[in-house]
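Q: Before we start, here is the structure in question, set down as structure tokens.
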Amino acid sequence: LYLDKAQEDLLRGEGGEAKQFAMEILAKVGDAVGADSLVPIVSAHVLAHFSSLHQAGVEVLERFAKSGGRFSVPTTVDPASIDLRNWEGFGIKEDYARMQFRLCEAYAKLGGIQCWTCVQYQVCNFPKAGEVVAWAESSSVVFANSVIGCRSNKITSGTDIAGAILGLTPRFGMLLDENRKAQVKYSADFGEFDDLDYRSLGYYIGKTAGSRLPGLAGLPSDVSSDQVKHLGAAAASSGPVTMVHLPGITPGSKTATKSTETMETVHVSRADLQAVEEDLNQTEESPDLVALGVPHLSVNELGLLAKGLQGRKLKGSVRMFVYTSRQASEMADRSGITADIESSGARITADTDAEISPLKEMGFNVVMTNSAKLAEIVSSEGEIKMRYAPIKKIIEETTRK
Amino acid sequence: VKRFNGRPLIGGRVQGAPLCSSRAFTFAHGVDPETGNVTDVRSDMLGKNVKGTVLYYPFGKGSTTASAWFLEAVRLDNAPVAILTSSVDLAAVIGSVLADEIYGRKIPVIAGLPLGADKVLSSSSLAHVDGTNGEVNLD
């Protein structure tokens with residue numbers, strides 16, 4: 001790893017303690033991955049939620065903030081572990097909330113943008129094709145590389161803050177042209193797609209591609225950016241995927257399509273998707289919580305959900321939490337969408353997301369979702385049983401007219 | 001005596017009983033930092049404890065928060081004493097850098113072990129790890 005004079009100075013501590021610590025981290029990572037240099041980024045996206053960072057992560061973030069660290073590029077942040085305005089109403093204990101607020105405070109001190117969403121690319125962080133970013137949050141990295149065409153590696157917690165402070169990232173992996181070509185081609189051969197199929201297909205790709213970069217043919221021509229968002233999130237949750245070549249969508253994907261003609265083609269059948277569903281759907285018990293929005297739903301998706309819930313009420317004691325960004329939730333408020341959704345008994349919650357909130361402590365034992373990412377993460381822990389089903393089935397089963 | 005020569009990523013000399021997986025592994029939702037127990041139901045180490053072990057897995061998977069989960073295990077003194085992998089797992093590298101900086105704990109990390117190293121490692125009762133030159137010696 002080559003460091004220029006200014007970077008060497010920072011490593012020696014001439015830019016202060018925070019920058020020295022940040023440079024130590026980037027230099028170690030750069031060495032470990034065989035990067036040749038550190039290059040500038042146009043934005044960072046970092047993690048500051050208590051459920052994953054724990055007390056150790058609070059101490060790391062506070063160390064950066066107290067030692068004079070400041071973000072040097074526009075920096076956005078993933079969801080918190082609690083709804084930052086309404087946490088008490090969602091049954092969060094005060095001790096838990098206090099730890100999250102310590103993270104919020106340190107993040108604010110570092111100069112971060114207060115977005116608290118995992119779909120920053122739909123809310124407040126808009127790089128263009130070809131630019132280099134350093135984003136944590138695996139689902140957003142897939143979106144960045146596959147749809148926007150900007151370049152990001154999947155940035156590990158710790159490195160995210162260091163990169164945001166220095167405005168630099170090690171040059172390796174997805175930043176290099178030679179690593180951005182498809183190496184295995186998937187072909188979706190199962191006909192019609194419902195909402196679950198995008199997630200199950202993504203999950204299947206993540207599970208089977210290994211370290212090869214997947215290309216994917218056979219998506220419907222009218223596939224939405226939201227559907228691609230969920231496909232990518234699922235792929236990143238089940239494997240090391242950081243990009244999926246989507247012919248006609250990924251900038252420059254024409255050439256990749258050509259080169260995929262000579263590589264292994266994996267035909268994905270309905271049976272493959274059913275196997276994913278069986279893996280992620282662990283029980284037939286009735287859910288006590290329906291969780292929608294991992295990753296965060298866009299305001300457009302909230303509108304579609306409002307239509308699906310029209311004239312329906314939640315059955316019995318089942319709860320339905322709808323996770324989104326505060327920006328989308330405020331837009332939904334002003335558009336009448338929130339009122340439509342909440343008249344069913346469902347609740348919209350912002351600034352947080354299901355997979356990083358303390359669902360068990362909030363009293364839930366069986367959670368139903370159409371998110372493969374949520375199902376994968378929660379079922380791995382084994383404390384909560386997951387139901388995994390398409391939105392149509394979820395609404396039919398958990399609501400009545 | 002058996003020996004592996006890997007790629008040294010984080011220095012330090014330790015020894016411990018090997019604990020091995022043949023599958024992709026992550027600390028995130030995969031290890032309870034408060035006990036060191038492996039909790040990932042998809043792991044072949046489910047129910048084992050990582051504390052004090054020389055941990056080998058071929059490659060990382062999943063969440064970018066794995067470094068933070070690893071660091072919390074360090075803070076609570078439930079971490080492995082060394083981490084060995086085949087592919088570089090950045091979570092191990094970052095977690096170890098932070099462990100040194102924040103808690104003054106040196107946890108060597110070595111990558112580049114051959115796939116299938118778990119079979120050799122798990123037949124040994126003690127592994128001596130030198131993270132500075134990338135050497136692993138087995139009793």
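Q: Calculate, in whole percent, how much of the Cα-Cα pair population of the range A:54-94 lies beyond 17 Å.
A: On the way: 444 of 820 pairs.
Tail of the P(r) past 17 Å holds 54 percent of the pairs.
Q: Next question. Considering every residue in B:68-74, what mean count of other chain Cβ atoms within 10 Å of its Cβ is obtained? Mind showing how you got there, number by number?
A: Details: counts 13, 7, 3, 9, 8, 2, 1.
Across the residues of B:68-74, the mean count of other-chain Cβ atoms within 10 Å is 6.
Q: Using the per-residue mean of other Cβ atoms lying within 10 Å as a proxy for protection, in what order, highest first, do the peptides A:75-81, A:172-178 fall?
A: Answer by packing, highest mean first, reads A:75-81, A:172-178.
Q: Okay, next question. Could you name every residue in the range A:20-66 that has 30 Å² or more less accessible surface in the full protein assembly than in its own chain alone (probe 1.4 Å, ligands and nucleic acids excluded)?
A: A:Phe21, A:Ile25, A:Lys28, A:Val29, A:Ala32, A:Ser52, A:His54, A:Gln55, A:Ala56, A:Glu59, A:Val60, A:Arg63
Q: With a 10 Å radius around each residue's Cβ, average the other Cβ atoms per peptide and rank A:116-124, A:199-207, highest first.
A: Top to bottom by mean Cβ count within 10 Å: A:199-207, A:116-124.
Q: With N set to the number of residues, divide the alpha-carbon radius of gyration of the range B:17-133 by 2.2 N^0.38 Å and report two decimals.
A: My calculation over the Cα atoms of the range B:17-133 gives 0.93.
Q: Please compute the modelled spin-label separation between A:Ser269 and B:Val41, points set 7 Å along Cα→Cβ, answer in nm with one decimal.
A: According to this spin-label approximation, the distance is 2.7 nm.
Q: Same structure, new question: In peptide B:28-34, how many Cβ atoms from other protein chains are near each Cβ within 10 Å, on average?
A: Average per residue, whole number: 3.
Q: Could you please state, rounded to a whole Å, how far the C-alpha centre of the range A:234-251 is from the C-alpha centre of the range B:1-33?
A: 29
Q: I want the local charge near B:His128. Using Cβ-Cβ distances under 10 Å, sum +1 for each Lys or Arg and -1 for each Asp or Glu among the other residues. Can you show the working numbers first?
A: On the way: positive: B:Arg3, B:Arg13; negative: B:Asp130, B:Glu135, B:Asp139.
Neighbour charge sum, excluding B:His128 itself: -1.
Q: Inside 10 Å of the C-beta atoms of B:90-101, what's the mean count of C-beta atoms belonging to other chains?
A: Across B:90-101, the average partner-chain Cβ count within 10 Å equals 6.
Q: What percentage of all Cα-Cα pairs in the range A:47-149 are separated by more than 16 Å?
A: Within the range A:47-149, distances greater than 16 Å cover 60 percent of Cα pairs.
Q: On the accessible surface of the range A:258-366, probed at 1.4 Å, how many percent belong to carbon and sulfur atoms?
A: 47
Q: Take the Cα atoms of chain A, build their convex hull, and give its volume per residue in Å³.
A: 130
Q: When chain A is modelled as a GNM with alpha-carbon springs shorter than 10 Å, which of A:Ser298, A:Ser317, A:Ser187 fluctuates the most?
A: The residue that fluctuates most here is A:Ser317.
Q: Along each of the three principal axes of the Cα atoms of the range A:286-370, give the extent in whole Å, ordering the values from largest to smallest.
A: Sorted from largest, the Cα extents of the range A:286-370 read 33, 27, 18 Å.
Q: With springs only between Cα atoms under 10 Å, which of A:Gly158, A:Gly303, A:Gly68 fluctuates most in a Gaussian network model of chain A?
A: Result: A:Gly68 has the largest fluctuation of those listed.
Q: Still on this structure, I have one more. Using only the Cα atoms, what convex hull volume per residue in Å³ does the range A:1-92 have?
A: Details: hull volume 11.0 nm³, N = 92.
So the per-residue hull volume is 120 Å³.
Q: Still on this model: Return the whole-Å distance between the Cα centroid of the range A:320-354 and the Cα centroid of the range B:62-80.
A: 33
The values are calculated or read from the model by the stated rules, or taken from the named source; none is laboratory data. From a predicted model like this one, the values you see are computed outputs, not experimental measurements. We place every Cβ from the backbone using ideal geometry, glycine too, and count neighbours over all the protein chains shown. For accessibility, only protein heavy atoms count, side chains too; no ligands or nucleic acids. Shrake-Rupley method; radii C 1.70, N 1.55, O 1.52, S 1.80 Å.
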